[in-house]
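**Student:** I have a structure here, written as structure tokens, and I will follow up with some questions on it.
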Amino acid sequence: MQYHTHSMGPDAAAFRRAFAKAIAEASATGVNELIFLVHSLHMLEGGVFEEVLGEKFVAGFAKNKVASAEGVRLHLETERVRSAADAAVVFAPFVSAKLLAKAIGDYRTKGLVYVPWAEIERDAYLALYPTSVPV
């Protein structure tokens with residue numbers, strides 16, 4: 001199943017809801033694995049990532065590339081570095097349409113939660129995936 005936020009950009013409340021939904025989906029589907037997809041590790045520095053997840057969590061996650069939350073194992077993945085995750089729900093905050101399409105087509109993807117950065121990205125996503133459910 002695919003989900004998205006209507007809000008875009010650095011909206012902490014929307015980011016928090018989307019992350020919680022991704023964790024819940026990973027648990028509900030029974031995979032208990034989540035791919036946290038970003039373009040680069042620099043995206044994690046400051047901003048909404050640290051505001052919602054906490055500076056200490058983000059620093060450890062960026063360093064170790066794995067973490068856990070509510071019984072779900074999180075795998076950090078970037079455009080250039082693929083994680084060791086097998087079947088997983090993908091949490092994709094602020095990724096490009098190209099990277100998002102790659103994630104959707106990945107055989108490992110068992111669900112997806114997308115947080116768009118701009119209205120045009122959200123609208124393009126909804127045009128391609130009209131059955132995506134808002135969170």
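The values are calculated or read from the model by the stated rules, or taken from the named source; none is laboratory data. Values in this document were obtained by computation on a predicted structure and should not be read as measured data. Here the Cβ is made from the backbone with ideal geometry for all residues, glycine too, and neighbour counts use every protein chain on show.
**Student:** Against the condition touching a Lys or Arg at 6+ places or on another chain (Cβ under 7 Å) and modelled with pLDDT under 95, how does Met8 come out, does it pass?
**Tutor:** So Met8 fits the description; yes.
**Student:** So if I check each of Lys110, Lys56, Lys102, Lys65, which one is buried (at least 18 other Cβ atoms within 10 Å of the Cβ) and farther than 15 Å from Phe19 by Cβ?
**Tutor:** Sole residue among the options that is buried (at least 18 other Cβ atoms within 10 Å of the Cβ) and farther than 15 Å from Phe19 by Cβ: Lys110.
**Student:** Please specify each residue of region 89-117 satisfying the condition of being farther than 19 Å from Leu41 by Cβ and touching a helix residue (DSSP H, G or I) at 6+ places or on another chain (Cβ under 7 Å).
**Tutor:** Val89, Ala97, Thr109, Gly111, Leu112, Val113, Tyr114, Pro116
**Student:** Quick one: in region 107-126, of everything that is touching a residue at least 60 places away in the same chain (Cβ under 8 Å) and of a type in the set (Asp, Glu), which residue is farthest from Ala14 (Cα to Cα)?
**Tutor:** Restricting to residues being touching a residue at least 60 places away in the same chain (Cβ under 8 Å) and of a type in the set (Asp, Glu), the top hit is Glu121.
**Student:** Right, another one. Restricting attention to region 66-76, report how many residues are in contact with a helix residue (DSSP H, G or I) (Cβ under 9 Å, 6 or more places away or on another chain) and free of Cβ contacts under 8 Å to residues at least 40 places away in the same chain.
**Tutor:** Selection size over region 66-76: 1.
**Student:** Which of the residues belonging to region 21-36 are assigned to a helix (DSSP H, G or I) and closer than 15 Å to Ser68 by Cβ?
**Tutor:** The answer is Ala22, Ile23, Ala24, Ala26, Ser27.
**Student:** Restricting to region 100-132, count the residues that are of a type outside the set (A, V, I, L, M, F, W, C) and over 21 Å from Ser7 (Cβ atoms).
**Tutor:** Of the residues in that region, 7 qualify.
Yes or no, residue by residue, for (1) surrounded by 21 or more Cβ atoms within 10 Å (Cβ to Cβ); (2) in contact (Cβ under 8 Å) with a residue 24 or more places away in the chain; (3) not aliphatic (A, V, I, L, M):
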| position | (1), (2), (3) |
| --- | --- |
| Ala14 | yes, yes, no |
| Asn32 | no, yes, yes |
| Gly46 | no, no, yes |
| Val81 | no, no, no |
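**Student:** Among the residues of region 113-125, what is the count of those that are within 22 Å of Ile23 (Cα to Cα) and out of contact with any Lys or Arg (no Cβ under 8 Å at 6 or more places or on another chain)?
**Tutor:** Residues flagged as within 22 Å of Ile23 (Cα to Cα) and out of contact with any Lys or Arg (no Cβ under 8 Å at 6 or more places or on another chain) within region 113-125 amount to 5.
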